[in-house]
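For reference, the structure discussed in these notes is given below.
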Amino acid sequence: MSKNDKEKKMNNLPQEDIILDIPEDEIYTYKIEGLAAPHINKPYKHYTLKKIIFIAVIIIAVSLSMYFSLMILQSDTFTFAEIDDGNYQFSKFSNPGYIEELHINYVMDIVYPDKYDTTAEENSSEEATTEENTSAEEDTTANIEESTSEEELTEEETTLSEEEKNYLSSKEEFLAYQAAQVKAENEKAALSAVPKPYFEIVEDKEKPVTHLKDYTFNCDGYLKVVYIGENVTQIDAKAFYSCWSLKAIFVDENNPNYCDVDGVLYNKDKTEVICYPCDHDQYLREKYNYPKELWQGVPLDENNEPLVSEEIYNEIFEEYKTLVMTYTVPSTVSKIGELCFNYANLATVYLPENLKVIDNLAFFEMPNMKDFYTYKTEIAVENTDYVSVKDLAYYISLPEGLEKIGTDAFSYNKAMTYVYIPESVKYIGHHAFWETCYLENGEIKGLDRINVAADKDTFKENTETGDQWIPVYNPNTLKSITVEYGSQRISD
């Protein structure tokens, strides 16, 4: 008989109920043969000692766990691997929670000295005092210059209308109020903040770092600024994926392969934009003196009263969008790199007419991203602000001459309302415009149609498309939006 047959037979045996005849007065003390007697209202032997031992074991276990966790944190902050040419690849960064700036040029390690170097502290204090004095002198000079400038502009200011003066005054008060809010919030946060440990990052100058691996800084939430040294010659496009607090990437001017344009990473000849940091709008807010991020709708004070009138705020917000939420891609760029602008807080992007490639996930999940424009120019456009293109001719949506739209290139951008695909496009990846439309009260919102320059037959013959490149607005019925073939580009 097999094992399975035996088990089946045992499972099919009739079971007889076992009934114990226990007197009522012995219900809590009755001892069944082979089992321990009930322990009702009886003291345990050595109860206090056992309790102390149990608590001690728990404390030791928790302490060891914390100790080894800390040791792992300290030893695994940086991970490097030697490569074939004897140089090193930076493959993983595990931020302990207090590293906000990083210089990448050599193999690094983080150390936690037991004692402070008092000499270094004194020097640091003296340097800080010197810096404060210098800063104060600069502020004084700036104030003098500002006063002089104000005197020179007095005549110009007199030409301002009362409406313009009112706007400037209201804007100044509004920003000052927000600055005071931020200061109070920072002071409150500082009271409950956990002190940072004293640490140093040391470099081994004998071990140059030349490569940044994909996902080196994956989902880091603390790092704010990265400096790329001259040794780094290869950076994977996914190295800075989802670095939520990253404001800027600066590159040493002697680096042979890379450069930055105001904190945004490019290749050396600026033909490819590689990484627009996730929190670059914070960098721009600081640059243009906006204390807080602004949103549609008038902010309220502590009494739930509007800080300014709706009309004034709309003007402030439009100016903010122009300075902080608008980006101009330089005229030299022919490729928007993989994951380049993912999660960026932008509303408007100006693209150069010679752009050829928009790579995979290039503009992925940008909730406020509404308008793409293509500008025309015969002179080089190097700066990335709106001023660079405001006097140029431009048209709405993607540039003539574009050849590739990568997978998920524009996915999850529900603020988009218009797309025009020129005849030059030969490839559109799968889900290129996924989740750019949705139903609201029975009406299609977001992208309600895709406009294609070529007629249907020509498009299908000349353009390779991936699965579901056309977005679905009704997930229940998988209903896709309309594709208008043979369309004319609308004028803006």
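Key figures
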{"item": "Some residue of segment 432-439 being in contact with a Gly (Cβ under 8 Å, 6 or more places away or on another chain), more than 19 Å from residue 331 (Cβ to Cβ) and charged (D, E, K, R)", "result": "no"}
{"item": "Lone qualifier among 324, 329 - being more than 17 Å from the chain's Cα centre (by Cα) and not polar (S, T, N, Q)", "result": "329"}
{"item": "Pairs with Cβ under 6 Å, 6+ apart, first in segment 429-448 and closer than 20 Å to residue 465 by Cβ, second among the aliphatic types (A, V, I, L, M) and outside any loop (DSSP other than H, G, I, E, B)", "result": "432/405; 437/444"}
{"item": "Cβ-Cβ under 6 Å pairs, at least 6 apart or on other chains, segment 313-339 side at negative phi and open to solvent by 50 Å² or more (accessible area, probe 1.4 Å), far side outside any helix (DSSP H, G or I) and aromatic (Phe, Trp, Tyr)", "result": "323/288"}
{"item": "One residue from 150, 172, 163, 126 being over 36 Å from the mean Cα position of the chain (by Cα), modelled with pLDDT of 50 or more and farther than 28 Å from residue 95 by Cα", "result": "163"}
{"item": "Subset of segment 228-251 that is hydrophobic (A, V, I, L, M, F, W, C) and part of a loop (DSSP other than H, G, I, E, B) - its residue that is surrounded by the fewest Cβ atoms within 10 Å (Cβ to Cβ)", "result": "244"}
{"item": "Residue match in segment 412-429 (condition: of a type in the set (Asp, Glu), touching a strand residue (DSSP E or B) at 6+ places or on another chain (Cβ under 8 Å), over 25 Å from residue 368 (Cβ atoms) and open to solvent by 40 Å² or more (accessible area, probe 1.4 Å))", "result": "no"}
{"item": "Residues of segment 454-489 classified as outside any strand (DSSP E or B), open to solvent by 30 Å² or more (accessible area, probe 1.4 Å) and under 20 Å from residue 414 (Cβ atoms), total", "result": "6"}
{"item": "Residue tally, condition surrounded by 16 or more Cβ atoms within 10 Å (Cβ to Cβ) and in a strand (DSSP E or B), over segment 73-90", "result": "5"}
{"item": "Every residue from segment 175-205 that is of a type in the set (Val, Ile, Thr) and either open to solvent by 70 Å² or more (accessible area, probe 1.4 Å) or within 25 Å of the chain's Cα centre (by Cα) (or both)", "result": "182, 194, 201"}
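The values are calculated or read from the model by the stated rules, or taken from the named source; none is laboratory data. Small disclaimer: the values here were computed from a predicted structure and weren't measured. Glycine gets a Cβ as well: all are built from the backbone with ideal geometry, and neighbour counts include every protein chain shown. Just the protein is used for accessible areas: all its heavy atoms, side chains included, with ligands, DNA and RNA removed. Shrake-Rupley method; radii C 1.70, N 1.55, O 1.52, S 1.80 Å.
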